[in-house]
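Data first, discussion second: the structure below is written as structure tokens.
The values are calculated or read from the model by the stated rules, or taken from the named source; none is laboratory data. All figures in this text were calculated on a predicted structure; none of them were measured in a lab. When we count neighbours, we look across all protein chains shown, and the Cβ atoms used for this are built from the backbone with ideal geometry, even at glycine.
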Amino acid sequence: MLVDLKTLVDEAARQHRAVGAFNTANLESVRAVIDAAEKRGEAVILQHAELHETVAPLAIIGPIMLGAAKRARVPVCVHLDHGEDPAYLKQALDLGFTSVMVDASAKSFEENVAITQKVVALAGQYGASVEAELGRVIRPASGGGGDDPSHLPPDAQYTDPEAAGKFAAATGIDALAIAFGTAHGVYTAKPVLDVDRVAAVREAAGLPLVMHGGSGVSPADYRAAIQNGIAKVNYFTYMSLAGAAGVQSLLQQKGEGVRFDEMAEAARLAMQADVERAMGLFAGA
Ligand SMILES: [Zn+2]
């Protein structure tokens, strides 16, 4: 069943849990996430980011994600992750995506507000939800962004509660992605999360919050972040690594003569197991 983001994150926030949002740039990951969600009987978010356009063009993978969401026995939101180009955002909405993230977080506060307001107006015409970002989550060049503010002091990188309150009121968004110590991609140093900041931003913005870049975050830190207001967790890198590990163990078992469709199956099943584990963590299990 296809649903919007607001429905899912509002309910998750009330229940002090988070909905998993998984980047699914191939058929194997679409099926892995839906199968995991159906097995657990929980809602889930499929999302696509522009940086995966070379892996799977939105025009091809978008209808596959939407078809899988509509057929699913659990509520599924189909969301555009990290939209920066207005034409790309519109393409997702035209396809039927029920939510978009507009990411103008590297711009000034005023520009971020102005850009986000335009996307809220556009998405409103489609009945779709909007996530925006305030603060700067580290995004290495290899992660498709090249925004690395880690040389800045925490107050210059992390989301300011007062600014978040103003941003929420000025834009009318449905969910806010915040920076509080996480980083995209494979982690290189153990992240130190500012969980008190999560609670302060949640209080000031009055919105369900989104955590990007969960790499290297311990289960205890996930739980603390979710208890304090994170209602959507973006998850990709470690699911993808689990898929690759599934392929590697198949190759070790069978050696030469392994077919690609067998590799794809091994990846799908390994990703499903990892997604089930992640969903359990986000649900507070
Ligand atoms: Zn992100």
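Before moving on, here are some points about what is shown:
- Residues considered: ALA189, ALA156, ALA170. Of these, the only one that is among the aliphatic types (A, V, I, L, M) and modelled with pLDDT of 95 or more is ALA170.
Condition check ((1) at pLDDT 95 or above; (2) of a type in the set (Asp, Glu); (3) under 14 Å from ALA175 (Cβ atoms); (4) touching a helix residue (DSSP H, G or I) at 6+ places or on another chain (Cβ under 7 Å)) across all residues:
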site: ALA204; (1), (2), (3), (4): yes, no, no, yes
site: PRO208; (1), (2), (3), (4): yes, no, yes, yes
site: TYR238; (1), (2), (3), (4): no, no, no, yes
site: ALA242; (1), (2), (3), (4): yes, no, no, yes
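- Count - residues of the range 28-72 that are acidic (Asp, Glu) and part of a helix (DSSP H, G or I): 4
- SER99 being within 16 Å of the ligand (Cβ to nearest atom) and hydroxyl-bearing (Ser, Thr, Tyr): yes
- Of all residues making up the range 185-210, the number that are in a loop (DSSP other than H, G, I, E, B) and touching a strand residue (DSSP E or B) at 6+ places or on another chain (Cβ under 6 Å): 2
- Filtering the range 229-285 to residues that are in contact (Cβ under 8 Å) with a residue 12 or more places away in the chain and β-branched (Val, Ile, Thr) leaves ILE230, VAL233, THR237, VAL247, VAL275.
- Residues in the range 102-137 that are farther than 16 Å from LEU207 by Cβ, surrounded by 24 or more Cβ atoms within 10 Å (Cβ to Cβ) and away from the ligand (no atom under 15 Å from the Cβ): 1 in all.
- Criterion applied to ALA92, ALA21 was being modelled with pLDDT of 95 or more, within 16 Å of the ligand (Cβ to nearest atom) and under 21 Å from LYS118 (Cβ atoms), and the one residue passing it is ALA92.
- Close pairs (9 angstrom Cβ cut-off, 6 or more residues apart or separate chains): touching a residue at least 60 places away in the same chain (Cβ under 8 Å) in the range 79-97, of a type in the set (Ser, Thr, Tyr) and within 16 Å of the ligand (Cβ to nearest atom) anywhere: HIS79/SER99
- For the range 99-127, the set of residues classified as part of a loop (DSSP other than H, G, I, E, B) and touching a Leu at 6+ places or on another chain (Cβ under 7 Å) consists of SER105 only.
- Applying the criterion of being in a helix (DSSP H, G or I) and over 23 Å from THR7 (Cβ atoms) to the residues of the range 73-89, the residue that is farthest from the ligand (Cβ to nearest atom) is ALA87.
- Some residue of the range 22-41 being acidic (Asp, Glu), crowded, with 20+ Cβ neighbours inside 10 Å and farther than 15 Å from LYS70 by Cα: yes
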